[in-house]
Amino acid sequence: MTAQKGKELLLKLDEDGAGSFAAVAGLRSRRISFNAESVDITNTDSAGRWRELLEGAGVKRAGLTGSGVFRDAASDEKIRAVFFAGAIRPWQVVIPDFGIVSGPFQVTGLEFAGEHDGEVSYDLSLESAGEISFEAL
């Protein structure tokens with residue numbers, strides 16, 4: 001696989017749950033991370049007293065972050081409405097030449113910033129709120 005353009009990693013929102021995904025406005029950077037908690041089952045019979053983990057156990061989660069600028073009032077309102085409602089909505093992350101990660105997420109952070117001689121920017125954080133699926137491209 002060759003290097004991919006960062007701008008091709010897309011974060012999409014299905015704001016009404018009808019299956020129509022639209023790219024979130026003006027993202028300059030985005031990131032997705034996957035984590036799984038481990039379940040330690042080490043006991044006095046563990047070989048050499050090395051830690052043992054229980055396969056397939058623990059809580060899995062995904063986190064999404066993005067930052068950028070809003071292109072228009074409509075895109076600003078979509079994200080703001082989802083955040084203030086505490087709503088869980090379907091989201092997609094399109095990872096070029098890899099696949100599409102889909103599932104329910106909740107906006108857990110929304111920050112705005114601006115310099116006196118620049119544009120208003122925002123930072124967005126989402127946390128998974130259910131099962132995440134993966135579709136290879």
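Taking segment 41-56 on its own, how many of its residues are surrounded by 11 or more Cβ atoms within 10 Å (Cβ to Cβ) and of a type outside the set (A, V, I, L, M)?
The total comes to 3.
Sort out which residues of segment 112-137 are small (Gly, Ala, Ser), in a loop (DSSP other than H, G, I, E, B) and surrounded by fewer than 14 Cβ atoms within 10 Å (Cβ to Cβ), and write them in order of number.
Matches in segment 112-137: GLY118, GLY130.
Please count how many residues of segment 87-98 are more than 11 Å from ILE32 (Cβ to Cβ) and at pLDDT 90 or above.
The qualifying residues number 4.
Could you list, ordered by first residue, the pairs with Cβ atoms under 7 Å in which the first is in segment 1-18 and surrounded by fewer than 12 Cβ atoms within 10 Å (Cβ to Cβ) and the second is at pLDDT below 65 and assigned to a loop (DSSP other than H, G, I, E, B), at least 6 apart or interchain?
The qualifying pairs do not exist here.
State which residue pairs qualify: first residue within 8 Å of GLN106 (Cβ to Cβ) and inside segment 125-137, second residue of a type in the set (Ser, Thr, Tyr) in any location, beta carbons under 6 Å apart, and separation of 6 or more residues or different chains.
GLU127/THR108
If you take the residues of segment 62-79 that are of a type outside the set (Gly, Ala, Ser) and within 14 Å of GLY26 (Cβ to Cβ), which of them is surrounded by the fewest Cβ atoms within 10 Å (Cβ to Cβ)?
Filtering segment 62-79 for residues that are of a type outside the set (Gly, Ala, Ser) and within 14 Å of GLY26 (Cβ to Cβ), the one surrounded by the fewest Cβ atoms within 10 Å (Cβ to Cβ) comes out as ASP72.
Condition first: free of Cβ contacts under 8 Å to residues at least 40 places away in the same chain, loosely packed, with under 11 Cβ neighbours inside 10 Å, over 13 Å from VAL24 (Cα atoms) and not hydroxyl-bearing (Ser, Thr, Tyr). Can you find one or more residues in segment 88-111 that meet it?
Yes, some residue in segment 88-111 is free of Cβ contacts under 8 Å to residues at least 40 places away in the same chain, loosely packed, with under 11 Cβ neighbours inside 10 Å, over 13 Å from VAL24 (Cα atoms) and not hydroxyl-bearing (Ser, Thr, Tyr).
The values are calculated or read from the model by the stated rules, or taken from the named source; none is laboratory data. In this text, all values refer to a predicted model and were calculated from it rather than measured experimentally. All Cβ positions, glycine included, derive from the backbone under ideal geometry; neighbour counts span all protein chains shown.
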